[in-house]
Amino acid sequence: MQKLAPYSAHSEHSKGRQYAEGSPSYRSEFQRDRDRIIHSAAFRRLEYKTQVFVNHEGDLFRTRLTHSIEVAQIARSIARELDFNEDLTEAISLAHDLGHTPFGHSGQDALNACMKDYGGFEHNLQSLRVVDQLEQKYAEFPGINLTYETREGILKHCSKKNAIELGEIGQRFIEGRQPGLEAQLANLADSIAYNNHDVDDGLRCSLITVEQLRETRLFAMQCETVSKLYPQLEGRRMINETVRRMINHLVVDLIENSRARLLDSGVRDIEQVRDYAEPLLMHSDDVARDSLELKQFLRRNLYEHYRVLRMSKKAARVIREMFQAFMDDYRILPTQYHALSSEMAGDSESALARVIADYIAGMTDRFAITEYRRLFEPGELT
Ligand code: MG
């Protein structure tokens, strides 16, 4: 059994599930959550969804699935060291991107614009919707009926307007409270993972160079150490040695800084963590500054690189045109969605828009491309 700090989430004190169920026999409540996430259809789809690059660009690039596994790896290491609940940390990490659209952020922005008059589209909220409603696995309830603590971690951000509609799980956004430590950790591990793997993937496809990256303190510092220790090292091994040291540097800083903050704060249980004025998990000021610098570097040089922008614009067009075609005539949606649209809210336009958003958000990159061709290319089979 893992030793748990008093301020971590304890399975036996969970706030429970939306639909009451008996306790699992040989697992904790959070292990059961983790297992349900892994067995969900939305989790399998992560393999064919991407953040920056489109899925077919190459077999070595991160997908949302490998990204989520890297987040879980980083978060679990830290959870074990700080005596947080490792099972809950893993569950949140593996579920954190379940609601993402195809084609990364451009897909989400495009779908949000399409949904402007119908309540908008937000991937965090969609992740919660996936586990609360959209998965269809159990006879007795919709969704996969996760514990409050896992759902709290999945809902990373939320507007006040949406928070009001969500009830208990949205309450903290209205009251300005914090989530538990495992949720805070999964969130930070997400940034550590994507900043570093985007450096790696960006170099792999030559959209950014080692010389450019030396402008950033995080990269320059580790790269310099590597050159001193191994002056002969070059190419992939030099990059890999540098990136692994960057991850390690960030992880060690997060552990040490957070440990000190937890001690200073005097918090004794998860409710005090939630009541604390600010998140207890944080990087030191220097490392937070350097991480932000790297993030801004990636935005300027990678996410806004003309080749990435072209792909993003194309992706946005695919989403927009599909959405519009389905809104114009919902009868071209697959049959199972017709029933759903009338069942959900008496055939109103917003309900239809939401059904379409769920359908599009659930698509993988390659399914979206195929569906787009089926809809718009005359020679394509439907
Ligand atoms: Mg993520």
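State which residue pairs qualify: first residue assigned by TED's automatic domain parsing to the domain that holds Ile74 and inside the stretch 180-192, second residue among the basic types (Lys, Arg) and modelled with pLDDT of 95 or more in any location, beta carbons under 7 Å apart, and separation of 6 or more residues or different chains.
If the second residue must be among the basic types (Lys, Arg) and modelled with pLDDT of 95 or more, the pairs left are Gly180/Arg274.
Just give me the residues in the stretch 212-237 being open to solvent by less than 50 Å² (accessible area, probe 1.4 Å) and without any contact (Cβ under 8 Å) to a residue 24 or more places away in the chain, in sequence order.
Hits for the stretch 212-237 are Ala220, Cys223, Val226, Gly235.
Here are some residues: Phe103, Phe173. Which one is buried (at least 23 other Cβ atoms within 10 Å of the Cβ) and under 29 Å from Leu298 (Cβ atoms)?
One residue alone meets the criteria, Phe103.
Any chance the stretch 192-210 includes a residue that's touching a Ser or Thr at 6+ places or on another chain (Cβ under 8 Å) and open to solvent by 40 Å² or more (accessible area, probe 1.4 Å)?
No, the conditions are met nowhere in the stretch 192-210.
Being in contact (Cβ under 8 Å) with a residue 40 or more places away in the chain and not hydrophobic (A, V, I, L, M, F, W, C) is the filter here, so list the residues in the stretch 14-31 that pass it. Even if it seems obvious, please write down each step before you answer.
Taking the stretch 14-31 first, the residues in contact (Cβ under 8 Å) with a residue 40 or more places away in the chain are 14-19, 21, 28-31.
Ser14, Lys15, Gly16, Arg17, Gln18, Tyr19, Glu21, Ser28, Glu29, Gln31 - these are the residues of the stretch 14-31 that are in contact (Cβ under 8 Å) with a residue 40 or more places away in the chain and not hydrophobic (A, V, I, L, M, F, W, C).
For the stretch 28-136, give me every one of the helices (runs of 4 or more DSSP H) that falls completely inside it and has 2 or more residues that are more than 16 Å from the ligand (Cβ to nearest atom). Before the answer, list the steps.
Numbers: elements: 29-38, 41-45, 64-82, 86-95, 104-114, 123-129.
So the answer is 29-38, 41-45, 64-82, 86-95, 104-114.
Count, please, the residues in the stretch 32-91 that happen to be modelled with pLDDT under 95 and open to solvent by 60 Å² or more (accessible area, probe 1.4 Å).
Selection size over the stretch 32-91: 6.
From the list Met246, Met221, which residue is assigned to a helix (DSSP H, G or I) and either modelled with pLDDT under 95 or more than 23 Å from Asn187 (Cα to Cα) (or both)?
Met221
Going by what's in this entry, would Lys156 be described as charged (D, E, K, R) and within 15 Å of the chain's Cα centre (by Cα)? Break it down stepwise before answering.
Numbers: charged (D, E, K, R): yes; within 15 Å of the chain's Cα centre (by Cα): yes.
Yes.
With the structure loaded, tell me whether Leu294 is out of contact with any strand residue (DSSP E or B) (no Cβ under 7 Å at 6 or more places or on another chain) and in the same structural domain as Gly202 (by TED's automatic domain parsing) or whether it fails that test.
yes
Give the residues of the stretch 185-202 that are more than 12 Å from Gln73 (Cα to Cα), of a type in the set (Gly, Ala, Ser) and modelled with pLDDT of 95 or more, sorted by residue number.
Scanning the stretch 185-202 gives a single hit, Ser191.
Residue by residue through the stretch 132-142, note down the ones that are in contact (Cβ under 8 Å) with a residue 40 or more places away in the chain and more than 18 Å from the chain's Cα centre (by Cα). Please lay out each step first, then the result.
The initial filter retains those residues of the stretch 132-142 that are in contact (Cβ under 8 Å) with a residue 40 or more places away in the chain, namely 132, 134-135, 137, 140-141.
Scanning the stretch 132-142 gives Lys137, Glu140, Phe141.
The values are calculated or read from the model by the stated rules, or taken from the named source; none is laboratory data. Note that the coordinates shown come from a computational prediction; the quantities given were computed from them, not determined experimentally. Neighbour counts are summed over all protein chains in view; Cβ atoms, including those assigned to glycine, are modelled from backbone coordinates with ideal geometry. Accessible surface areas use protein heavy atoms only, side chains included; no ligands, DNA or RNA. Shrake-Rupley method; radii C 1.70, N 1.55, O 1.52, S 1.80 Å.
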